[in-house]
Structure formats: structure tokens, C-alpha cells
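The values are calculated or read from the model by the stated rules, or taken from the named source; none is laboratory data. Predicted model only: the values in this text are computed from it and were never measured. Positions of Cβ are generated from backbone atoms using ideal geometry, with glycine treated the same way; all protein chains shown enter the neighbour counts. SASA here: full protein model, heavy atoms, side chains in, ligands and nucleic acids out. Shrake-Rupley method; radii C 1.70, N 1.55, O 1.52, S 1.80 Å.
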Amino acid sequence: MKMKPNKRMPAFIALGVISLVCLLRWWQPGFLERLEQMTYDIRVRQALKFEPLVATNLGFVEINDQSAVRMFDGSLGFHFSLFWPRQVYGRLVEELAIQGAKAVAIDVIFAELRPYDPPVQMADGGELQESDAFFASQMRRAGNVIIAATTNTPPPALFVNSALAPGDVVTEQAEILRRTRAFQIYRRWHYAFTQVEANPDYGVRLDHARIEPRRIVLPRPGLDEIIIPLDADGNFDLADFVGDKIPPGTERKAKPFTEERVWHMGIVLGAQELKLDLARARIDLKHGRITLHGQGGVERVVPVDADGFFYIDWCMPPSHPRLAAAPIQDLLLQNYQRLKGITNNLENRWAGKLVVVGSTATGRNLSDLGATPLSDHTVLASEHWNVANSIITGRFVRRAPLALELALIVLLGIVAGVLTWELRALLAFGMVFLLVVAYVLLGVVLYVQSRYWIPFVLPVFGALLMTHLCLVTWRVVVEQAERRRVKSIFSRIVSPKIVNELLQAEDLSFGGARRQVTVLFADVRGFTELTDTSQEQVADYVRKNNLTGDAAEACFDEQARETLDTINRYLGLVADTVIRADGTLDKFIGDCVMSFWGAPAANPKHALACVKAAVAAQRAVYDLNRHRAEENKRREQENLARVAAGQPPRPMLPILLMGSGINTGMVTVGLMGSQAEQQNYTVFGREVNLASRLESASGRGRIFIGQATYEHLLRDDPALAATCVALPAQKLKGISAAVTVFEVPWRLPDTPSSDEESPTPRSVGILPA
């Protein structure tokens, strides 16, 4: 049931919901972003079920639980415990270089030099070499090693200078690793500052230093801050640290630090494959892009946010079939065999590979597992080859921009509003559900095919479902109020069947409409004469008995109640007949009943229904009169005995007749009256007036119908139309032209004609004469 009042309110509700959701997207509270990221995780896992585009030259050398065992048992030529000397990684780099690896990214933090590690016996039997120096020499010889770095623990200069490049391995501090920074700015402090930090007496941490205008502030917990002044060029004076003991040839003025951009390890790794020049990268964080250029016009655009973060395309787990993988002990064993001169049956799986070295071990000091969209225990080193894969393939996760997200919120909110308000409740729910399914499928397909991330939470659960829910709630409130209004208007003037039809109707309009209906006026004849006669009788009784005051009023009240009861019996009989015939009881006009068929519920045979109802009403009045006549005969016999006993006789029951007029035509139908007080659902127009005039002309116990009603009977019930009697055209009051009139016979074969019925009502006789 859909109603027309408050037409603007649904639009206001939808607009309010859409505006609220847009504000939430602009504000972006944390819990909503977490929900959205959860939907992203689902899409990432779904994408793994398909065959994504991946590079074929990526590899993984894993440090697993067995690696520590093999490192200690001597089978690899070592007897090292948990903290392996750097020569182990030197041997690994050497073996990968021999096999022709294109680049090696070592996801192991080398925080400081370890001169106490066991030295390395060179292959030529020459002098021993420090473990750190051996590792550095192997990196220089290979020329393709990317060494791990973090802002807090940058690798020693020996390693940085020997490696191809440092690679940033700092991960975002989040419960689930979904994104990473394209680069970090590393601050390399002047040796004077690093010496201060190295001295525990000062209690200085350079990562807590504050850079302020014309000075550097070094906080010290529990101690006064150390303030180093800077000149206009940002230089400090070395004498502030060492006084006059400045080494000869050393510049007294120097920069306190230099800044260097260190790219993500995966980006550096992928850049080796495409020969991208990271030093010439165009960084435009304002517009969310980093453009990398390589040889031959190769270009890669990395989509980033304002802080330089981009989402990792987790398309290659460690178990991916196209990822070359082997434990570190296998390569170290081959290198050991080479050193022993055993070169038969050695594998060469790493030619042209971009290799990531990382840990899959579960031990406390070796574990590098964490939560990602793939699982709660993902090898975090896989971040690097997945980023490298994006660089090589040019496929990055791109999140929809804010403008598109807002547009989707508005669009889905409008669609939900239109569907919910224009369709029936169940159909609207079904359409909204299908729209949710279609949108979610679209989002999954877009991610799987092109790694494009459209939002789910706010457009679907915010704009779409919330708009639908709010409007459904509003519809329930409005429709329940409208149902109560319909029942209050029609429950007493139409049958329950019609009321139910109205409540189930899709569209109702009570504000005024043009409809074809059939109108019935049924007037109880003799009521006015009955009223006058009974009033005269009571007045005579009061005078004869000298009644005054309350006694006289009681007599008049009793007469009024008896008169009202009489007319109510007749009018109620007609009204009940109308309602049973699914007509609309319009009003009582004195001793006349006005009703009509064809509104508010449509009835294509409204004329036939009206005529049959008029026939039934006449027969019901006849039956009532017959019973009242029988009661009067019984009372006559009873009154003889009462008079003989000196008692007043019982009054006779009045017998009234009814005249009916029916006409069919176009009328105006709707609610009439005060919006604030009472309204009546009624009809008016020329055809209504004609029905009233036909009733006036019908006399007693007759049914007159107009030409249009007769034509409807010819169409809908020819047999009934054949019984109708054409009367001479009559001139009716208020109607300019003579009107063709038909009389509908209603009497059954054993029913006497109106001439045989009492033409004049008998007195109420409530008091003795």
C-alpha cells in the first residue's frame, strides 16, 4: 500500500542518509576504515583463486628451522650456532652470483659490524679475512646485492658501500600488513653527532633529535638538553664538540646530517629487471603518483597516498608455482662442494632470477611471520617479491579516489530511495538485495581483473542499505497511519472486503478524482408524517393529563426515542444491505440513505451491483413490514384484553415504505470536509443530482433508474434489464430536459403490490388515546 501524503519526506530522508554517509566518508572514522579493509582482504583472497599475471623470474631463498640445524652439524662446512657470522651470507651471495642471479635482496638486518666473528679462510689458502670484510667483498664482486635497511638501524657504511643499494624494509605498524611506503628518508648524521650518541654518558638518541630554526636540540632523559646552534646556512661548528682539537684538514663548518631517499626493497629489486633509474623518479604525492623511468621508454607509475604509501598486490604467496624457492642450506651446500672441487651434478636454478632472502623459521630470533590479507602467519619477506612483481608487470592496487567514492554513495543512495519508495515492500527488498549482490560482484571482478578497489562499506551498508532501511521504516510509519485513516473513514461505510481491498491497493488517492460510479438514493416514505402525528399525539396527552415540567419532558423524550428507533430500523436495514453488496455508504440525509458503487474500490459492474442492492433493500423493507404487520395483529388482540382489564393499549408499530432512485455517470469523488476535524468520502455532480431527483419521483415501494444505468444492465445482466419497465420521459426538478426513466421490478411472485400495502403509516401510539 503506497500513499501520497508527505511526498517530499522520502526525498528528505534519502538526502539526509546520503549526506550523513558522505560526511562519514570525509571524516573516515577508524572503525569504518577497518571494515573496508576487511572487505579488501576478502577480495585479495578471492583473487588468488584465479591465475594472476606474475613475473616468472622471481625467487625465494628461505632460512627455515632446518637451516639452523644444518649450519651447526658441519654438513655445510660450518659449525655455527644461532647468530651466524656474516661469511654465511657472503657464501650465499657468491653461490647466487656464480649461478647468474640478476639481483639478490637480503631481508636480514645487519645493524653493526662484528669483528669478533670467526674469520674466513680464503680459497687460495692465503691469509684469513674478517667475516664482515668477506661479506662486503662478495657483495662488491656480485654487484647486485640489495641490503636491508631501516631508519632506526641503517647498515654499516662498509655494507652500504659494497652493496648495489640499500632497500627499505620498514613495515607499517598495523595489525595486518596491507600497504607499505615507496621510500623512506634516511638521515645520515655527521660523525660528531654519532660519536655523541655512542657515548652512554651523554644519554643522547639521534632519532629523538628536534630540528628547530637555527639550532638542533638533543633531548636527554633526566638531563638538560644539548643545544647545537646552526648558522644561516644550516651548518654547525665542529668546535662545539671538540673545542680546538679539530684534526688538520678537517672543515670546521659542516652540515649536521644529510638526507637520502631509500626505496622499498621490492621497488629496488623490480627496478633491476626493468633498469629503472630511481634517482630520476618523479614524485608527486599531491596527485598520488610516483613515476619511474627506465631504458627504452619503460615507465611505471606507482599509485600512492599523500604519505607515500601504496597497497601491496599479494598475488604470490611462498607456495606459488612460478616462484623459484629453495632453503639457504641447499645453496650453501653447493657452494661448499664448489670449494672442495666437486662440481658434478650441481644445479643452476637461479640464472636471471630476482632473489629475495628471508626467514620462514618459527624460532624466536628467526621468526619473520605476520598477518597479511592472505593469512595470519604470512612470510613477511614475500612483501618484497610481490612489490617487485607489481613493478615488473605494471599492475598495482588502485583505490578509488574520494570523488568517485562520494559519487557511488550518492548514486546508490538515490537508487535505493527510488526502489524503496516506488516499489512494493517485498519487491523493493528483492531489488535492493540484487543490487547489493551485483555491486559486490562488480567490486570483486574489478579487483581480480585490474586490481581496482571500489569501496563496499559506505556505499553498500551506508548509502544503499541504510537508505532502504530508513525509508522502509518511514513507509511502515506512514502506511500504518494511512491504514488507520482508511479504516477510520471506510470501516463504517463499506464492507470489510472493500476495506481490505483498499488496504492492499498499490495507489490510493482521496484528494479528488473523476470516476464513473452508480449512485443510489433510498428514502423512507412517511417518516415526516409519522413524526408529526406522534408529536401531536404526545402533546394532546400532556394537555389532557395536565403534565408539566419533568413529567411532560419525559413524555416527549419517550416519543423521540420511539421515533428514532423506528427510522433507525429502516435506515439501518438499507445501510446494512448496501455494505453487504460492497457499496459505499455515503451519508444519511434525514430519512434518506445515499450510497454509491465504483469508488473507492473499482468495480466494473457497479451499476448491476447497485441495482441488485436496491432490489435487496426493497425486499428487506417488505420483510420488515410484514413482520411488523403480524406484530400489530397480535397487539390488536392483546389490546382488547388490556382495555377490558382497564389497562392502556399497546401502541401499533408504524409501517413505512421506501422509494429508490439510481443513476450512473461521471462524478467527482473524494474526501470533503475539514482536514482538522471531520471528512466525508462522497460524490457530487450532475449525475448525483439526477439520482436524487429519480428517488423523489419514485413514490412508494418503487425503484427508478436512469438511461445510463439501464444500458449498463443491458451489458452486464441482460435478463435483469429485460424485466425493467420503460416509463414515459419525465420532467424532473433542476433538470432542463425530460429524462428517460426505467422502473426495476423487485417483488417476488407472492409479494403484493404497493397498492395492497398500507399507503399511510399508522400512528406510533406510544400513549393511550
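Among the residues making up the stretch 198-215, none is buried (at least 18 other Cβ atoms within 10 Å of the Cβ) and within 30 Å of S137 (Cβ to Cβ).
Can you tell me which residue within the stretch 341-366, out of those that are touching a Gly at 6+ places or on another chain (Cβ under 6 Å) and open to solvent by 30 Å² or more (accessible area, probe 1.4 Å), is farthest from L58 (Cα to Cα)? Result: A351.
Taking the criterion of being more than 25 Å from T664 (Cα to Cα) and open to solvent by less than 30 Å² (accessible area, probe 1.4 Å), would at least one residue in the stretch 547-558 satisfy it? For the stretch 547-558, residues more than 25 Å from T664 (Cα to Cα) and open to solvent by less than 30 Å² (accessible area, probe 1.4 Å): present.
Among the numbered conditions (1) among the aromatic types (F, W, Y); (2) in a helix (DSSP H, G or I); (3) open to solvent by 20 Å² or more (accessible area, probe 1.4 Å), the only one that F134 does not meet is (3). For L366, the test of being in a loop (DSSP other than H, G, I, E, B), touching a residue at least 60 places away in the same chain (Cβ under 8 Å), more than 29 Å from L53 (Cα to Cα) and not β-branched (V, I, T) is passed. A count restricted to the stretch 561-593 and to residues that are over 30 Å from P604 (Cβ atoms), assigned to a helix (DSSP H, G or I), in contact with a helix residue (DSSP H, G or I) (Cβ under 9 Å, 6 or more places away or on another chain) and open to solvent by 50 Å² or more (accessible area, probe 1.4 Å) stands at 2. Just for the stretch 443-459: of the residues that are of a type in the set (A, V, I, L, M, F, W, C) and more than 16 Å from the chain's Cα centre (by Cα), which one is least open to solvent (accessible area, probe 1.4 Å)? Residue satisfying both the conditions and the ranking: W453.
Being free of Cβ contacts under 8 Å to residues at least 24 places away in the same chain, open to solvent by 30 Å² or more (accessible area, probe 1.4 Å) and closer than 30 Å to A388 by Cβ: is that true of K102 here? The answer is no for K102. When P155 is tested against (1) open to solvent by less than 50 Å² (accessible area, probe 1.4 Å); (2) part of a helix (DSSP H, G or I), only condition (2) is not met. Only residues that are within 13 Å of R569 (Cα to Cα) and of a type outside the set (A, V, I, L, M, F, W, C) were counted across the stretch 621-636, and they come to 5. When residues in the stretch 269-287 are screened for being in contact with a His (Cβ under 9 Å, 6 or more places away or on another chain), open to solvent by 30 Å² or more (accessible area, probe 1.4 Å) and not in a loop (DSSP other than H, G, I, E, B), 2 of them pass.
The number of residues in the stretch 288-327 being out of contact with any Pro (no Cβ under 6 Å at 6 or more places or on another chain), under 30 Å from A361 (Cβ atoms) and not in a strand (DSSP E or B) comes to 10. Of all residues in the stretch 42-66, those being surrounded by 17 or more Cβ atoms within 10 Å (Cβ to Cβ) and β-branched (V, I, T) number 4.
With respect to R91, is the statement that it is in contact (Cβ under 8 Å) with a residue 60 or more places away in the chain, surrounded by 16 or more Cβ atoms within 10 Å (Cβ to Cβ), charged (D, E, K, R) and part of a helix (DSSP H, G or I) true? So R91 fits the description; yes. Considering the stretch 398-439, the residues that are over 20 Å from T39 (Cα atoms) and in contact with an Asp or Glu (Cβ under 9 Å, 6 or more places away or on another chain) include one that is surrounded by the fewest Cβ atoms within 10 Å (Cβ to Cβ), namely R424.
Being more than 29 Å from W421 (Cβ to Cβ) and under 23 Å from the mean Cα position of the chain (by Cα) is a property that G30 has.
If you go through the stretch 246-268 and keep only what is farther than 21 Å from I146 by Cβ and open to solvent by less than 40 Å² (accessible area, probe 1.4 Å), you end up with A254, P256. Against the test of being at pLDDT 90 or above and either touching a Phe, Trp or Tyr at 6+ places or on another chain (Cβ under 7 Å) or of a type in the set (F, W, Y) (or both), the options F241, F257 yield a single qualifying residue, F257. Checking each residue in the stretch 715-745 for being surrounded by 14 or more Cβ atoms within 10 Å (Cβ to Cβ), within 60 Å of the chain's Cα centre (by Cα) and farther than 18 Å from R702 by Cβ picks out D716, D717. So, in the stretch 720-742, exactly how many residues are more than 16 Å from E687 (Cβ to Cβ), in contact (Cβ under 8 Å) with a residue 12 or more places away in the chain and among the aliphatic types (A, V, I, L, M)? Looking only at that region, the number is 5.
Screening V387 with (1) touching a His at 6+ places or on another chain (Cβ under 8 Å); (2) open to solvent by 60 Å² or more (accessible area, probe 1.4 Å) gives one miss only, at (2). Among the residues of the stretch 594-614, what is the count of those that are touching a Pro at 6+ places or on another chain (Cβ under 9 Å) and surrounded by fewer than 20 Cβ atoms within 10 Å (Cβ to Cβ)? Count: 0. Checking the stated criteria, F50 turns out to be touching a residue at least 60 places away in the same chain (Cβ under 8 Å) and part of a loop (DSSP other than H, G, I, E, B). Per the listing I290, I312, the residue uniquely closer than 26 Å to V357 by Cα and crowded, with 16+ Cβ neighbours inside 10 Å is I312.
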